[in-house]
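Data first, discussion second: the structure below is written as structure tokens.
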Amino acid sequence: MAAGVVSPIVMTDFRILGAAILFWIASFFTKREPVSWKDLGLFFLASQIAIVFNQGSFIFGVSMTSPIDASIITTSLPILTLIIAAFYLKEPVTGKKITGIVFGATGAILLVMSGQQLANGNASNIRGDLLCLTAQLCFSIYLVFFRGLINRYSPITIMKWMFTGSTLSVLPFTYDKILAIDWAAVEWRTLAGIAFVVVGGTFISYLLISIGQKRLRPTVVSMYNYIQPIAAAIVAILWGMDSFTLLKTIAVILIFSGVYLVTQSKNLATIEKEIERVKTGEK
């Protein structure tokens, strides 16, 4: 994208369409799951919130504001998820959760601020910042409000229909941009990069997120968002784009400590079981 060969919108098209195709292929090798018309409608709604609006808002937001602003705003995902889950799922807001989120957010911000690779880019822009925040809010809503739908189906079925819904709503408006690309002039390295983003950064990533959603609470799932700056920093260091410092070490420790605290915090079901044991006199 930096070379101007592929625009952010076209890259998003590749991600959505490519993942839809891969999930349909994967579904042929798994047990077929019938999906009701009502749930198909819910999948379409979920796809707009978690994929179309999430990715679309973030891409446009990043193009308007600075990389540092965008990276820091991504740390709001666990905070937003905690608030929404507290109101909608009645999940308890414990001190351990709050401490974990503060640790994780602080570590992520320190890691972002210390990254030399983020020194250049656009200037801060309030509209771009708000779009990046909207992207985080959309994914928080998906993690919390669609948990019941996610628990009813397998990860392959969930992602197959979500990326299909995203393709149907995005491709009709952007396919002309894909056709306008001079594919004969595109280098193999660019094609390999696109393939990696589609297969690794989209298909495998969303599949693993879906698997995690079935086993973890929304707030815990959102906390792993803090691992992204660690991965980016490691790659940047290995490629000679950055260096490892004491500040980065502190940031990594804060992030992992935050994730650990949130994963160890009690959920509503656990608290209710403890209350019931106290009432019945069990130890």
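Structure values in brief
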| read-out | value |
| --- | --- |
| Overall form of the stretch 10-49 per C-alpha gyration tensor (a/c, 1.5; a/b vs b/c) | oblate |
| Positive dipole terminus of the chain, leading residue within Ala46, Ser154, Gln228 (C-beta point charges) | Ser154 |
| The chain - charge dipole about Cα centre, Lys and Arg +1 at Cβ, Asp and Glu -1, debye rounded to 20 | 1020 |
| Simple label model, 7 Å out from Cα along Cβ direction - Val199 to Phe87, nm | 4.3 |
| Value of [θ]222 nm, deg cm²/dmol, for the chain, DSSP H segments ≥ 4, -39500 (n - 2.57) each, nearest 500 | -23000 deg cm²/dmol |
| Heavy atoms of Val170 accessible to a 1.4 Å probe, total area in Å² rounded to 10 | 30 |
| Inter-centroid distance (Cα atoms) of the stretch 3-53 relative to the stretch 162-201, Å | 13 |
| Percent carbon-and-sulfur accessible area, the chain, ignoring ligands, DNA and RNA, probe 1.4 Å | 70 |
| Dipole of the chain, positive direction: furthest Cα of Phe145, Gly128, Thr190, with charges on the beta-carbon | Phe145 |
| Added length on full extension, which subtracts the Cα-Cα distance from 0.36 nm per residue, Phe256 to Ala184 | 21.4 nm |
| Å² per residue, accessible surface of the chain at 1.4 Å | 54 |
| P(r), alpha carbons of the stretch 188-232 - 5 Å bins starting at zero, rounded % | 5, 19, 19, 24, 16, 9, 5, 3, 0 |
| Residue-count net charge about Ile21 - beta-carbon cut-off 15 Å; Lys, Arg +1, Asp, Glu -1 | +1 |
| Label point distance in nm, Phe28-Leu171, each placed 7 Å from Cα along Cα→Cβ | 1.6 |
| Cross-link pairs Lys38/Lys96; Lys96/Lys248; Lys177/Lys214; Lys177/Lys248; Lys90/Lys214 - those with Cα-Cα distance over 30 Å | Lys38/Lys96; Lys177/Lys214; Lys177/Lys248 |
| Answer label, with Rg and Dmax of the Cα atoms in Å calculated from the coordinates and candidates (1) 20.2, 75; (2) 25.9, 87; (3) 17.2, 48 | (1) |
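The values are calculated or read from the model by the stated rules, or taken from the named source; none is laboratory data. This one's a predicted model, so the numbers in the text were calculated from it and none came from an experiment. Note: ideal-geometry Cβ built from the backbone for every residue, glycine included; neighbour counts use all protein chains shown. Just the protein is used for accessible areas: all its heavy atoms, side chains included, with ligands, DNA and RNA removed. Shrake-Rupley method; radii C 1.70, N 1.55, O 1.52, S 1.80 Å.
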